[in-house]
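Participant: I have a structure here, written as structure tokens, and I will follow up with some questions on it.
Values quoted throughout were computed directly from the atomic coordinates according to the rules given, and no laboratory measurement underlies them. A quick note: this is a predicted structure, and the numbers were derived from the prediction, not measured. Don't worry about glycine lacking a Cβ; one is built from the backbone with ideal geometry, like all the others, and counts go over all protein chains shown.
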Amino acid sequence: MRTFTETELVVASHNAGKVREIRELLASFPIDVLAASDLGLPEPEETGTTFTENAVLKAKAAVAASGKPALADDSGLAVDALGGDPGIYSARWAGPDKDFAQAMRNVEEKLQEAGATGPEARTGRFVAVLALAWPDGHVEVFPGEIEGTLVWPPRGEKGFGYDPIFRPEGHERTFGEMTADEKHGWRPGAASALSHRARAFKSLAETCLRR
Ligand code: IMP
């Protein structure tokens with residue numbers, strides 16, 4: 001595993017919710033965070049068939065376009081009763097207008113069609129894969145997951161994407177009802193993390209980052 005010794009890092013995402021969370025997670029490290037959208041980097045087509053392939057593809061595209069090291073996150077919601085959907089297509093289910101109220105309704109409609117009414121039938125997980133890529137072609141990959149239950153109706157206005165319908169295991173509130181700190185459930189040095197992204201970030205931080 002390679003230690004990250006550079007001072008600048010491009011966050012290879014055009015998703016404002018993700019960029020905000022990655023900035024928060026990186027806040028106590030001596031790294032200047034540059035967002036792909038601020039640098040005007042193009043958004044590559046996500047042609048991979050797995051979270052890992054898409055994360056690596058996005059990180060490498062940002063390195064190629066910026067000449068700087070880049071961190072990408074590919075993530076999504078995998079619902080058991082829907083055979084793992086929307087999975088790597090989680091962003092696409094919101095359509096070109098990025099309408100997540102509609103995307104959450106789509107999930108609920110399909111759960112109803114599948115007869116998944118009780119909580120035990122409405123299980124799923126958020127998955128995140130972080131890829132850290134350097135200009136010399138080296139890449140490190142870190143996965144993270146959090147199990148939970150899909151609730152209806154949506155609850156809470158915080159977070160982004162599918163947060164209002166996801167209640168993480170062991171908690172009463174949805175991610176949409178949690179503050180950013182509660183959703184991450186992690187600070188540098190902490191023994192555990194809550195969200196899929198924070199869990200992936202924890203292993204990245206413990207492996208590659210210096211405080
Ligand atoms: P990507 O940019 O293709 O990785 O899209 C990931 C999509 O998954 C996002 O647009 C969200 O819809 C969803 N997603 C990923 N992480 C989260 C999260 O932490 N909360 C809510 N939705 C998420």
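Participant: From (1) away from the ligand (no atom under 13 Å from the Cβ); (2) without any contact (Cβ under 8 Å) to a residue 60 or more places away in the chain; (3) closer than 24 Å to GLY40 by Cα; (4) among the hydrophobic types (A, V, I, L, M, F, W, C), pick out the condition that doesn't hold for LEU57.
Facilitator: Going through (1) away from the ligand (no atom under 13 Å from the Cβ); (2) without any contact (Cβ under 8 Å) to a residue 60 or more places away in the chain; (3) closer than 24 Å to GLY40 by Cα; (4) among the hydrophobic types (A, V, I, L, M, F, W, C) one by one, LEU57 breaks only (1).
Participant: Do we find a residue being of a type in the set (S, T, N, Q) and under 19 Å from SER90 (Cα atoms) anywhere in segment 177-191? Walk me through how you get there before you give the answer.
Facilitator: Residues of segment 177-191 that are of a type in the set (S, T, N, Q), as a first pass: 179.
Cutting the leftovers down to under 19 Å from SER90 (Cα atoms) gives us none.
Among the residues of segment 177-191, not one is of a type in the set (S, T, N, Q) and under 19 Å from SER90 (Cα atoms), which makes the answer no.
Participant: Restricting to segment 112-150, count the residues that are closer than 17 Å to GLY76 by Cα and touching a residue at least 40 places away in the same chain (Cβ under 8 Å). Please lay out each step first, then the result.
Facilitator: Going through segment 112-150, the residues closer than 17 Å to GLY76 by Cα turn out to be 122-131, 141-150.
Then keep just the ones that are touching a residue at least 40 places away in the same chain (Cβ under 8 Å); that gives 122-131, 141-146, 150.
Adding up the residues that qualify gives 17.
Participant: Taking into account only those residues within segment 155-183 that are assigned to a helix (DSSP H, G or I) and more than 10 Å from the ligand (Cβ to nearest atom), which is surrounded by the fewest Cβ atoms within 10 Å (Cβ to Cβ)?
Facilitator: So in segment 155-183, the residues assigned to a helix (DSSP H, G or I) come out as 163-165, 175-177, 180-183.
Those left that are additionally more than 10 Å from the ligand (Cβ to nearest atom): 177, 180-182.
On the way: GLU177: 19, ALA180: 14, ASP181: 12, GLU182: 15.
If we take residues in segment 155-183 being assigned to a helix (DSSP H, G or I) and more than 10 Å from the ligand (Cβ to nearest atom), then ASP181 is surrounded by the fewest Cβ atoms within 10 Å (Cβ to Cβ).
Participant: Moving on to the next point. What's the total number of residues in segment 151-167 that are closer than 13 Å to THR123 by Cα, in contact (Cβ under 8 Å) with a residue 24 or more places away in the chain and within 17 Å of the chain's Cα centre (by Cα)?
Facilitator: The initial filter retains those residues of segment 151-167 that are closer than 13 Å to THR123 by Cα, namely 151-152, 165-167.
Narrowing the set further to residues that are in contact (Cβ under 8 Å) with a residue 24 or more places away in the chain leaves 151-152, 165-166.
Narrowing further to those that are within 17 Å of the chain's Cα centre (by Cα): 165-166.
Adding up the residues that qualify gives 2.
Participant: What are the residues in segment 113-154 that are β-branched (Val, Ile, Thr) and either in contact with a Lys or Arg (Cβ under 8 Å, 6 or more places away or on another chain) or in a loop (DSSP other than H, G, I, E, B) (or both), if any? Lay out the reasoning, then the answer.
Facilitator: Let us first name the residues in segment 113-154 that are β-branched (Val, Ile, Thr), namely 117, 123, 127, 129, 139, 141, 146, 149, 151.
Matches in segment 113-154: THR117, VAL139, ILE146, THR149, VAL151.
Participant: Considering only residues that are more than 16 Å from the ligand (Cβ to nearest atom) and among the polar types (S, T, N, Q), which ones fall in segment 74-124?
Facilitator: Within segment 74-124, GLN112, THR117, THR123 qualify.
Participant: Now for a different question. For segment 102-122, state whether one or more residues are over 26 Å from ARG211 (Cα atoms) and within 15 Å of the chain's Cα centre (by Cα).
Facilitator: Of the residues in segment 102-122, the ones over 26 Å from ARG211 (Cα atoms) are 102-122.
Keeping just the survivors that are within 15 Å of the chain's Cα centre (by Cα) gives none.
For segment 102-122, residues over 26 Å from ARG211 (Cα atoms) and within 15 Å of the chain's Cα centre (by Cα): absent.
Participant: So, one more: List the strands (runs of 3 or more DSSP E) that sit entirely inside segment 1-84 and contain at least 2 residues that are in contact with a helix residue (DSSP H, G or I) (Cβ under 8 Å, 6 or more places away or on another chain) and crowded, with 20+ Cβ neighbours inside 10 Å.
Facilitator: Values: elements: 8-11, 32-35, 70-79.
Of the strands (runs of 3 or more DSSP E) lying wholly inside segment 1-84, those with at least 2 residues that are in contact with a helix residue (DSSP H, G or I) (Cβ under 8 Å, 6 or more places away or on another chain) and crowded, with 20+ Cβ neighbours inside 10 Å span 8-11, 70-79.
Participant: Give the residues of segment 6-32 that are near the ligand (Cβ under 10 Å from one of its atoms) and hydroxyl-bearing (Ser, Thr, Tyr), sorted by residue number.
Facilitator: Correct list: SER13 only.
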